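Scroll down for the structure; my scribbles are underneath it.
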Amino acid sequence: MEQPVLNVSGLETHFFTDDGEIPAVDSVDFHVNKGEVLGIVGESGSGKSVTSLSIMQLISAPGKVVGGEISYKGENLLLKSEKQMRKIRGNEIGMIFQEPMTSLNPVFKIGNQLVEGIRIHKKWNKKDSWAHAIKFLKLVGLPRAEELMNEYPHQLSGGMRQRVMIAMAMACEPDVLIADEPTTALDVTIQAQILELMKRLNNETNTSIIMITHDLGVVAEMCDRIVVMYSGKIVEQGTTKEIFESPKHPYTIGLIESVPDVRSRKERLYSIPGNVPKPGSIKTGCHFAPRCKFAFDKCFEETPELMDAGQGQLARCWLHEDKEKAALLEKVES
Amino acid sequence: MLAYTIRRLLMLIPVLFGMTLIVFFMIRAIPGDPAQVILGQQATEEAIKSLTKQLGLDQPWYIQYVDYIKGLFTGDLGTSLRTSSEISGEIWPYLAATLELSLVAMVIAIFIGVNAGIISAWFQNSWFDYTAMVLALVGVSMPVFWLGLMEQWAFSLELGWLPSTGRENVRNPVEAITHLYLIDTLIQGRMDQFVEVVRHLILPGIALGTIPMAIIARMTRSSMLEVMRSDFVRTARAKGTRMFWVVYKHSLKNAFIPVLTVIGLQMGLLLGGAILTETIFGWPGIGRYIYDAIGFRDYPVIQSGILIVAVIFVFINLIVDLLYAAIDPRIKYN
Ligand SMILES: Nc1ncnc2c1ncn2[C@@H]1O[C@H](COP(=O)(O)OP(=O)(O)OP(=O)(O)O)[C@@H](O)[C@H]1O
Ligand SMILES: [Mg+2]
């Protein structure tokens with residue numbers, strides 16, 4: 001099998017705050033293959049953005065990557081100098097941020113902001129870079145691309161800005177594109193268009209995409225494989241098909257159950273009781289145990305590791321230690 | 001931008017008219033008969049009458065005002081009672097001296113203040129940051145007159161490095177063309193005199209520039225710290241932009257908007273500070289001109305001096321507003 005483009009192993013990113021050390025990302029392992037779309041899902045605060053910023057080496061104080069390895073095409077990014085990282089950012093690994101409204105600089109023209117990265121990495125002259133930028137604005141389906149180049153962010157709608165962000169992230173044709181909730185801020189029709197666009201880019205250029213979201217609908221639509229994160233840790237990992245057909249972790253089951261189904265019109269929307277605990281606040285046992293309806297004594301005493309839950313699917317849950325207990329999960333689903 | 005500039009200039013017309021009205025009535029609100037006040041108790045009836053006529057005070061106030069405005073439009077500021085010469089002919093050398101001192105003080109205050117603020121924010125909590133901010137705190141709490149006297153004591157009296165008063169070496173006087181001595185000496189190629197002029201500017205320049213410099217440094221630092229946390233700064237870094245440009249281009253242009261407000265305010269205050277500084281350093285500026293006129297009850301000079309300072313104040317504000325629009329594209333389109 002081909003070597004993955006990106007391989008994250010044992011990643012630890014901690015925040016050193018006044019209230020102590022917060023392990024926002026705690027020994028996270030996953031990989032992305034060439035041309036693959038990997039989904040990272042989880043509730044707010046589960047560490048998705050911190051994971052992606054760690055890959056880009058853009059964690060700022062009080063945060064710090066304190067352990068692990070991020071290997072990109074066989075080289076550990078954590079050992080690279082700032083100068084070497086600059087050559088990778090935007091060029092080899094592109095990133096689309098969660099907040100389209102504030103991620104563009106309000107005092108520079110769209111064109112200048114797009115051309116900047118192209119000039120840095122491709123070392124082209126102004127004219128060629130400008131033309132290249134226009135090509136990408138058209139590619140992401142923006143009308144009046146030439147005029148937009150001379151406009152400022154405040155003259156664009158949220159959907160347009162997010163497309164500009166995508167064009168910016170794609171402009172240097174990166175091998176990996178990290179999209180941190182690229183559509184959460186947008187309305188449904190624009191969301192569909194943007195997902196369609198990313199899918200097309202993935203097919204046409206064979207770019208690997210890490211799709212971060214808490215929208216399971218998006219994941220089902222887009223991703224080949226899924227990583228489920230909870231409180232800084234990966235709790236389940238598998239192919240999209242496996243995870244939707246037979247989720248192996250109670251948290252994943254809860255997430256899937258809480259997806260609103262427009263057609264069935266349930267009485268009340270299901271939601272997992274309780275909130276995501278602050279990473280590091282639970283010292284012993286499974287982080288999800290206090291909210292888990294399957295929890296038993298061991299769950300509160302010992303922290304489980306990721307274990308094989310069948311067919312290469314991994315789940316961080318004590319139920320999988322024992323076949324009988326694991327069978328409990330199947331019952332709930334049907 | 002042009003339309004905006006024109007609109008702002010048109011808006012100045014009522015402001016300037018208002019100012020002439022205030023100055024006009026201020027001088028007429030002095031209790032008693034101005035001619036009597038000017039000439040003193042021993043003046044003869046005749047003399048008072050003739051001075052009243054000379055000042056135009058025998059006319060109704062609206063005729064006086066119209067005459068005054070007419071005079072202003074033709075560049076006639078009236079006649080000095082003390083020197084009996086046209087004010088418009090004698091005021092420029094004083095004004096030039098003040099402008100030269102204020103501009104030098106302000107340019108240095110902005111250059112050092114802004115850069116110190118940027119570097120402090122960029123390397124927050126470094127030794128540079130701590131040192132600069134302690135100095136800035138000392139700077140803002142330093143009274144101008146005290147700083148001026150200490151400078152004279154240390155650098156003139158004790159060390160003898162720099163002259164303590166005046167703006168040129170009286171034994172080697174500058175041949176005035178524009179009355180801005182830095183320019184005059186340069187166009188005449190008199191490097192010896194240029195050096196002298198610079199030496200005379202240093203102490204009053206520091207006395208005048210220290211407070212604005214400290215305030216600008218503190219404002220720049222806090223504004224930069226806030227901007228550097230923005231999403232668009234992260235976007236710029238994710239593009240692979242060097243930190244220098246992230247700071248000096250992406251962040252500074254945004255952070256400069258509130259700094260500009262402070263600069264505008266400080267320029268206005270600087271005019272006030274200039275009068276104090278001019279007194280301490282025997283600087284032949286507009287402050288001294290007005291101060292001397294007050295001693296001689298030279299009302300036309302007081303009136304014109306105040307008007308000119310007020311007009312400068314208004315134009316500084318205009319320039320600041322135009323700079324806002326030039327920096328922030330969101331302003332023009334209101
Ligand atoms: N600047 C910071 N200082 C302290 N803690 C932080 C900081 N940034 C993130 N964290 C910690 O990291 C955790 C994970 O944050 P992260 O932004 O990765 O969540 P997320 O999964 O992206 O959530 P969302 O869906 O809301 O974007 C947070 O719960 C918080 O405890
Ligand atoms: Mg996030």
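The values are calculated or read from the model by the stated rules, or taken from the named source; none is laboratory data. What you are looking at is a predicted structure, and each value in this text was computed from that prediction instead of being measured. Here Cβ is always computed from backbone atoms with ideal geometry, including for glycine, and neighbour counts include all displayed protein chains. Just the protein is used for accessible areas: all its heavy atoms, side chains included, with ligands, DNA and RNA removed. Shrake-Rupley method; radii C 1.70, N 1.55, O 1.52, S 1.80 Å.
Structure notes:
- Under the condition of being touching a residue at least 40 places away in the same chain (Cβ under 8 Å) and exposed (fewer than 14 other Cβ atoms within 10 Å of the Cβ), the residues counted in the stretch A:291-305 number 1.
- Residue within the stretch B:107-121 that is in a loop (DSSP other than H, G, I, E, B) and open to solvent by 50 Å² or more (accessible area, probe 1.4 Å) present: no
- Note on the stretch B:55-91: residues that are among the polar types (S, T, N, Q) and either surrounded by fewer than 13 Cβ atoms within 10 Å (Cβ to Cβ) or touching a helix residue (DSSP H, G or I) at 6+ places or on another chain (Cβ under 7 Å) (or both) total 6.
- Taken over the stretch B:289-331, the criterion of being in contact with a Phe, Trp or Tyr (Cβ under 8 Å, 6 or more places away or on another chain) and more than 30 Å from B:Thr52 (Cβ to Cβ) is satisfied by B:Leu322, B:Ala325, B:Ile327, B:Pro329, B:Arg330, B:Ile331.
- On inspection, B:Ile286 fails the criterion of being at pLDDT 95 or above, buried (at least 23 other Cβ atoms within 10 Å of the Cβ), hydrophobic (A, V, I, L, M, F, W, C) and within 30 Å of B:Val311 (Cβ to Cβ).
- Being closer than 22 Å to A:Arg161 by Cα and within 16 Å of ligand 1 (Cβ to nearest atom) is a condition met by at least one residue of the stretch A:216-231.
- When the residues of the stretch A:71-84 are filtered to those that are outside any helix (DSSP H, G or I) and not aromatic (Phe, Trp, Tyr), the one that is farthest from ligand 1 (Cβ to nearest atom) is A:Gly74.
- Out of A:Leu142, A:Leu137, one residue alone is over 24 Å from the mean Cα position of the chain (by Cα), away from chain B (no Cβ under 14 Å), touching a residue at least 12 places away in the same chain (Cβ under 8 Å) and farther than 25 Å from B:Ile327 by Cα. It is A:Leu142.
- Single residue of B:Ala29, B:Ala43 found to be under 21 Å from B:Ile290 (Cα atoms), without any contact (Cβ under 8 Å) to a residue 12 or more places away in the chain and not assigned by TED's automatic domain parsing to the domain that holds B:Thr178: B:Ala29
- Every pair of residues 6+ apart whose Cβ atoms lie under 8 Å, when the first sits in the stretch A:109-121 and is without any contact (Cβ under 8 Å) to a residue 60 or more places away in the chain and at the interface with chain B (Cβ under 10 Å from one of its Cβ atoms) while the second is among the aliphatic types (A, V, I, L, M) and open to solvent by 10 Å² or more (accessible area, probe 1.4 Å): A:Gln113/A:Met168; A:Leu114/A:Met168; A:Gly117/A:Met168
- Of all the residues in the stretch B:47-67, those that are part of a helix (DSSP H, G or I) and farther than 17 Å from B:Ser304 by Cβ number 11.
- Matching entry among B:Leu270, B:Leu225, B:Leu252 (being aliphatic (A, V, I, L, M), touching a residue at least 60 places away in the same chain (Cβ under 8 Å) and away from chain A (no Cβ under 14 Å)): B:Leu270
- Only listed residue being open to solvent by less than 10 Å² (accessible area, probe 1.4 Å), more than 8 Å from every other protein chain (Cβ to nearest Cβ) and on the phi < 0 side of the Ramachandran plot, chosen from A:Ile93, A:Ile59: A:Ile93
- Looking across A:Gly68, A:Gly39, one residue alone is more than 11 Å from ligand 1 (Cβ to nearest atom), touching a Cys at 6+ places or on another chain (Cβ under 7 Å) and assigned by TED's automatic domain parsing to the domain that holds A:Gln113. It is A:Gly39.
- Filtered residues of the stretch B:6-17 (kept if within 21 Å of the chain's Cα centre (by Cα) and either farther than 25 Å from B:Ala325 by Cα or open to solvent by 70 Å² or more (accessible area, probe 1.4 Å) (or both)): B:Leu9
- Identity of the residue in the stretch A:173-191, β-branched (Val, Ile, Thr) and more than 13 Å from chain B (Cβ to nearest Cβ), that ends up farthest from ligand 1 (Cβ to nearest atom): A:Thr189
- Subset of the stretch A:42-65 (residues that are part of a loop (DSSP other than H, G, I, E, B), more than 8 Å from ligand 1 (Cβ to nearest atom) and in contact with a helix residue (DSSP H, G or I) (Cβ under 8 Å, 6 or more places away or on another chain)): A:Gln57, A:Leu58, A:Ile59
- Summed over the stretch A:161-171, the residues that are over 16 Å from B:Phe232 (Cα atoms) and buried (at least 21 other Cβ atoms within 10 Å of the Cβ) give a count of 1.
- All of (1) in a helix (DSSP H, G or I); (2) touching an Asp or Glu at 6+ places or on another chain (Cβ under 9 Å); (3) open to solvent by 50 Å² or more (accessible area, probe 1.4 Å) hold for A:Lys87 with one exception: (2).
- Subset of the stretch A:96-107 [hydrophobic (A, V, I, L, M, F, W, C) and more than 8 Å from chain B (Cβ to nearest Cβ)]: A:Ile96, A:Met101
- Inter-residue pairs, beta-carbon under 6 Å, first polar (S, T, N, Q) and in the stretch B:94-113, second part of a helix (DSSP H, G or I), 6+ apart: B:Thr98/B:Ala274; B:Thr98/B:Ile286; B:Ser102/B:Leu270; B:Ser102/B:Ala274
- If you check A:Lys199, A:Lys135 for being open to solvent by 60 Å² or more (accessible area, probe 1.4 Å), closer than 22 Å to A:Glu116 by Cα and either in a helix (DSSP H, G or I) or more than 16 Å from ligand 1 (Cβ to nearest atom) (or both), only one passes: A:Lys135.
- Taking the criterion of being touching an Asp or Glu at 6+ places or on another chain (Cβ under 8 Å) and away from ligand 2 (no atom under 16 Å from the Cβ), the residues of the stretch A:173-198 that qualify are A:Pro174, A:Asp175, A:Val176, A:Leu195.
- Residues satisfying the stated conditions in the stretch B:5-26, i.e. farther than 30 Å from B:Phe296 by Cβ and among the polar types (S, T, N, Q): B:Thr5
- Single residue of A:Val37, A:Val41, A:Val32 found to be open to solvent by less than 50 Å² (accessible area, probe 1.4 Å), under 11 Å from the mean Cα position of the chain (by Cα) and away from ligand 2 (no atom under 16 Å from the Cβ): A:Val37
- Filter pass, A:Gly74 being more than 8 Å from chain B (Cβ to nearest Cβ) and open to solvent by 10 Å² or more (accessible area, probe 1.4 Å): yes
- In the set (1) more than 14 Å from chain B (Cβ to nearest Cβ); (2) within 13 Å of ligand 1 (Cβ to nearest atom); (3) under 17 Å from A:Ile212 (Cβ atoms); (4) crowded, with 22+ Cβ neighbours inside 10 Å, the condition left unmet by A:His14 is number (3).
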